[in-house]
1. Please determine, by comparing only the residues of the stretch 330-349 that are assigned to a loop (DSSP other than H, G, I, E, B) and in contact with an Asp or Glu (Cβ under 9 Å, 6 or more places away or on another chain), which one is surrounded by the most Cβ atoms within 10 Å (Cβ to Cβ).
2. For the stretch 228-253, which positions are more than 22 Å from the chain's Cα centre (by Cα) and farther than 18 Å from Ser279 by Cβ?
3. I'd like to verify a number: residues in the stretch 191-215 that are surrounded by fewer than 17 Cβ atoms within 10 Å (Cβ to Cβ) and of a type outside the set (Val, Ile, Thr), how many?
4. Could you check the stretch 304-317 and list, in sequence order, the residues that are buried (at least 24 other Cβ atoms within 10 Å of the Cβ) and within 17 Å of Val358 (Cα to Cα)?
5. Can you name the residue in the stretch 155-184 that is crowded, with 20+ Cβ neighbours inside 10 Å and of a type in the set (A, V, I, L, M, F, W, C) and is also nearest to Asn122 (Cα to Cα) among such residues?
6. When you go through Gly186, Gly225, Gly213, Gly182 one by one, which is the residue that is within 27 Å of Phe345 (Cα to Cα) and more than 19 Å from the chain's Cα centre (by Cα)?
7. Does Thr254 count as assigned to a strand (DSSP E or B), assigned by TED's automatic domain parsing to the domain that holds Thr200 and in contact with an Asp or Glu (Cβ under 7 Å, 6 or more places away or on another chain)?
8. Filter the stretch 142-179 down to residues that are in a loop (DSSP other than H, G, I, E, B) and at pLDDT 90 or above, then give me how many there are.
Amino acid sequence: MKKLNLILVFTLCSIFSTAKVNFVDSRALGNIDYNSLEFIRSRNISELLVSGATTGTTDVSLNSSVQMLLNANSLQDVFWMNASGDIQNTLQSAFMEGTAYDFIQDMEVIRNGSYKAIYGANCGAGVVNAPLGPPVNFSSVGSLIFGTDFSDVVTAMIKLESSSGCGVTQTKPAQNDWLISGSYGGNLSLGGPLFSSTGTRDGFIGSWNPSTGNSNWFGEIKAFGYNSVDRIYYNESSNEIVACGQLTNSGTYTVNGTNTALTTSPVGNSVFLMRLDASTGAYLNHTVFGSSSNVNPFGLFESTSGVFFAGNMNDNVYPDPADLSKVEYSRGSVDKLVLKYDANFQYQAGRVFGSAEVDFGKSFRKFSNSQNDRIAIAGAYTLTSRAVIDQQASVFIIDESLNLIDSILFGGKGYDSANDVDVDSLGFMFVVGAIQDTADMDPGPGLFNLISAGGYDAYISRFDATSLGMSNHAYVEPELIVFPVPVSDALNVQWLLNSPSSGNISIYNLRGQRIYYNEFSRTEWQEEQIDISTYSNGVYTLELVSDAGLIHRKIIVSR
């Protein structure tokens, strides 16, 4: 036993003692109830988009001198907000209120078109009210997939409901359509044909037109037992989808009347990896691997070097169906697992992250950089070397050869977690999640305590990851900063365009009437102060028009 303890301590020290990522700042949001941030995406240097769950009345302002209250239902509601890139201010926020338990499942920023972001949420039976949208009624547990415009108004909604429950797992933009995955039980109607599950739950993946709400195609994982499509990745260059999920028994993948046989692994519970044509949902190829217990997927993506899968494992995993002597061994009751396959789903490599206790992953992200391949795994890690077992937030950074590049660990003596991670174009890394009680958010020798107001508080933290060569070149966009929010008398507007351009700034009221207009013809960083002292209280939209396109910001006038 002494030898085992020494080995464990050495392993923990080797993982967490040489962090190259430096802590910058952290902010908490919460009240006496449960609150968390689940997803974060960097839109540009100055703007972050985050979403999560809230209960009761929550101040979602990152600025301690400004209040921005969301009066959510006492059970749990979905909320989303824009934050400044330095996490000092909340730019705008919105939430979707329901009479039952509602939870955010996915969020993706859309880089072109009329939508700013696409969200997926699972809703309890009852009524759900979207911002400025019609109420949506659910007779059982269902899913709501919605898109927001640049003023955070819900402008498109897709409702999925079945007789025995329906749950969305991921939503992805694909050209002009939305890809949606999940599982359902009983009968599911898509406005046309009625789909019936073979098992307790059947997995599904489909393509929807957000403008009409109609399904382009709908594919099912049909087998007895519980089956699901847990993660999807859209490969824009090939117009193909990579999907993964759980397969309890042998069955079929069915789309447009065509059935493809799926056979479970000879070892325990099975996970499938599948490639589909994004235009039609047609089957292209797949593989299935097994585990002595459960593997719950939490991440999937494809790059030029292969297909990468991440899941939480409860026991040993056999990743190569052609060679069952290859085993990824578990270390505790739950561990993080990363597997790499080639484009034809031939097994390449694997790695397990864990201790003797519960260690789980929540997010698995690849960052686009022309010189460095970096993957971040956000989740929780249990410290068993202490007198009291602590679950702390953790982020592991690896390369595409599955080598560990860096790792950070932060939190307190409660149950803390990192739920998602993103990097902006400057190389700053942002982490969101939930903390319980008092948590030290600085993984280094410094001390930066956040104290939760209640059971769990949401948090957002910023780290300097430039030493790792991490950045996200896909997120370089024109800058437009509007503050303060809300505003009473003078509105400050700052902007920077990426190329020489002329344009104009306009402000519109909710009736679509333009009440302010000014032209500009310079490219460098510019500032303007607009007198809004005569504006009535309410919501307005500021629009910047240039050769680069349109940028919108919501303005709230309140006195």
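The values are calculated or read from the model by the stated rules, or taken from the named source; none is laboratory data. No experiment lies behind these values; they were computed from the predicted model shown. Every residue, glycine as well, gets a Cβ built from its backbone with ideal geometry; the counts of neighbours run over all protein chains shown.
1. Going residue by residue through the stretch 330-349, those that are assigned to a loop (DSSP other than H, G, I, E, B) are 330-333, 342-346.
Then keep just the ones that are in contact with an Asp or Glu (Cβ under 9 Å, 6 or more places away or on another chain); that gives 330-333, 343, 346.
Working: Ser330: 19, Arg331: 17, Gly332: 16, Ser333: 17, Ala343: 16, Gln346: 13.
Across the stretch 330-349, the extreme among qualifying residues is Ser330.
2. Residues satisfying the conditions are Leu247, Thr248, Asn249, Ser250, Gly251, Thr252.
3. Of the stretch 191-215, the ones surrounded by fewer than 17 Cβ atoms within 10 Å (Cβ to Cβ) are 191-194, 196, 200, 209, 211-214.
Next, only the ones that are of a type outside the set (Val, Ile, Thr) stay: 191-194, 196, 209, 211, 213-214.
Residues that pass the stated criteria total 9.
4. The answer is Ala310, Gly311, Met313, Val317.
5. It comes out as Val168.
6. Matching residue, one of Gly186, Gly225, Gly213, Gly182: Gly225.
7. Answer is yes for this residue.
8. We begin by selecting, within the stretch 142-179, every residue in a loop (DSSP other than H, G, I, E, B); these are 149-153, 163-165, 175-176.
Filter again for at pLDDT 90 or above, leaving 163-165.
Counting residues in the stretch 142-179 that are in a loop (DSSP other than H, G, I, E, B) and at pLDDT 90 or above gives 3.
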